[in-house]
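Structure first, then comments.
Only the coordinates and a few stated rules stand behind these numbers; no lab work does. All of these numbers come straight from a predicted model, not from anything done at the bench. With ideal geometry, Cβ positions are generated from the backbone for all residues, glycine too; neighbour counts draw on all protein chains shown.
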Amino acid sequence: MTGEEKNLYDIFTAVPDKYDLINCIFTWGLDKKWRLEAARTCLETRPETILDLCCGTGDLSIRLAQLAAPDTSVTGLDYSQPMLEKAQEKTARLHLKKQPVFIKGDVADLPFPDGHFDCIGISFAFRNLTYKNPLTQRYLAEILRVLKPGGRFVIVESSQSSNLLIRKLDHLYLRTFVRWMGSLISGNKPAYTYLSESARKFYNAEELVDLLIKTGFRKVSVKKLLFGATAIHTAVK
Ligand SMILES: C[S@@+](CC[C@H](N)C(=O)[O-])C[C@H]1O[C@@H](n2cnc3c(N)ncnc32)[C@H](O)[C@@H]1O
């Protein structure tokens, strides 16, 4: 791991205890609604095999498992052991008809054969893979590799509102409340300084479409949420 990757890895192995609570506070509970929307988008084409990439504490995997047909297999992958443990605990409590399978792994070297998944979903982690990350191209190549031809990649991620006033307010909120409250509640200042900075400087929806097209995806579409402060991108291999 390079120094930057190690910093990111340290952030995600340190944060989990209050991770869900902090997400909920910062988004006023909307993160759940946005993951639900992303899960529905993933399921539109009735995939039989779905990967929740960078699954964290498992919320998207759980939604997918709740909504998918019983013969659909849902796999969650993350490189943070503490995040995966939370995901396991949560799913065990829910008594789902079909449990997602959680796997420890790095997006740089996905432990799946070529063309394995009908759909890959990622919630609030694409920014981590692509914001000032030297491995971006490798991550994207791995995502393309494990998707079936015609398979879909669904990204729900923070974005930049095209309304100047809303964008300014959003950035102010990230720079002040999110940064300071996140550091205070979690006790992890680097994690919330990173979140605040990366969310303010991340791609807008159109730039993200360009990145996906340049990587080799096609038919990229965007659904903007909350005046464009969040967006769901869908791309086809
Ligand atoms: C902001 S969290 C999002 C978690 C979850 N998807 C959600 O909706 O809350 C980002 C997650 O990406 C994981 N992650 C970041 N880089 C990764 C990589 N290269 N390989 C695997 N997991 C990674 C982190 O461990 C963390 O759990």
Once fully extended, how much extra length lies between Ile185 and Glu206, figured as 0.36 nm per residue of separation less the alpha-carbon to alpha-carbon distance? 4.2 nm
Only Cα pairs within less than 10 Å get springs; with that Gaussian network setup on the chain, which residue of Gly56, Gly187, Gly105 has the largest fluctuation? Gly187
Check Val101: other-chain or 5+ apart residues with amide H under 5 Å from its amide H, H built from backbone geometry? Val74, Thr75, Gly76
Among Asn128, Asn23, Asn163: highest mean-square fluctuation, GNM of the chain, C-alpha pairs under 10 Å: Asn163
Histogram of C-alpha separations across segment 109-237, 10 Å bin width, %: 13, 40, 31, 15, 2
Sorted by Cβ neighbour density within 10 Å, fewest at the top, the residues Trp28, Trp180, Trp34: Trp28, Trp180, Trp34
Restricting segment 1-107 to trypsin sites (Lys or Arg not before Pro) in coil, as DSSP defines it, with at most 12 other Cβ within 10 Å: Lys97
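Apply the a/c threshold of 1.5 to the C-alpha gyration tensor of segment 138-196 and tell me whether it is rounded, prolate or oblate.
Values: a/c = 4.02, a/b = 1.71, b/c = 2.35.
In terms of gyration-tensor shape, oblate.
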Would you list Tyr19, Tyr9 from fewest to most Cβ contacts within 10 Å? Tyr9, Tyr19
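Give the range of the longest stretch in the chain that excludes all GluC sites (Glu not before Pro) found in loop regions by DSSP and having at most 16 other beta-carbon atoms within 10 Å. Walk me through the numbers before you get to the answer.
Numbers: sites that count: Glu44, Glu48.
With a cap of 16 other Cβ atoms within 10 Å, the longest stretch comes to 49-237.
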In terms of the alpha carbon gyration tensor, root eigenvalues a ≥ b ≥ c, rounded if a/c is under 1.5 and otherwise prolate when a/b exceeds b/c or oblate, segment 33-168 is rounded
Diffusion coefficient in µm²/s returned for the chain by Stokes-Einstein, Kirkwood Rh over C-alpha pairs, 4 °C and 1.567 mPa s, is 73
Dipole size in debye (nearest 20) for the chain around its Cα centre, Lys and Arg Cβ +1, Asp and Glu Cβ -1? 600
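Report the relative contact order of the chain, percent, no decimals, based on alpha-carbon pairs under 8 angstrom and at least 6 residues apart. Display every interim value, and only then the final one.
Details: 422 pairs, mean separation 45.5, N = 237.
About 19 percent, as a whole number.
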